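What follows draws every value from the coordinates through simple rules; no lab data is involved. It should be emphasised that the depicted structure is a prediction, and the values quoted were computed from it without experimental measurement. Note: ideal-geometry Cβ built from the backbone for every residue, glycine included; neighbour counts use all protein chains shown.
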Amino acid sequence: MRSALAALGLAVGFMGAAQAQSAADIAGRWKDSDGESVIAIAPCGPALCGRIVWLKQPRTDRNNGDAKLRERSLMGVQVLGGFKPDGSGKLAGDGYNPEDGKTYRTTLALDSSGRLLVRGCVLGGLICDDDIWTREP
């Protein structure tokens with residue numbers, strides 16, 4: 001019994017290390033698929049968050065649901081928040097889409113070529129939209 005518990009403890013420890021490594025791998029600067037913006041993903045408290053750090057064309061947050069925020073620049077706006085391992089090898093959190101001013105339940109995962117798959121979903125995952133980001137130097 002003791003050896004089974006020890007083996008389970010080791011397995012859980014390795015799984016936790018793999019998930020932490022996944023979060024560390026995702027941290028960095030990422031360009032969205034249309035090349036319009038770069039998002040810097042970094043630790044914020046116990047999670048990962050992402051802020052817009054470059055825009056091809058300066059834009060305001062014109063579609064924000066809060067009318068007071070519609071004139072603010074998108075530069076520096078947090079678009080990813082609260083990302084933590086979800087137990088499936090992905091990070092889950094909330095993603096804000098300035099194109100429609102809505103926030104979606106979002107997952108982040110690296111694909112086999114090192115690109116970042118960003119998936120935003122509604123209705124408990126019944127309807128999802130994917131974007132693939134590439135790492136910036």
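Roughly what would the spin-label model give for Arg115 and Asp130, points 7 Å off Cα along C-beta, in nm? Going by the 7 Å Cα→Cβ label model, 0.9 nm.
Here are some pairs, Lys56/Lys90; Lys56/Lys84; Lys68/Lys102; which of them have Cα atoms lying more than 26 Å apart in this structure? Beyond 26 Å: Lys56/Lys90; Lys56/Lys84.
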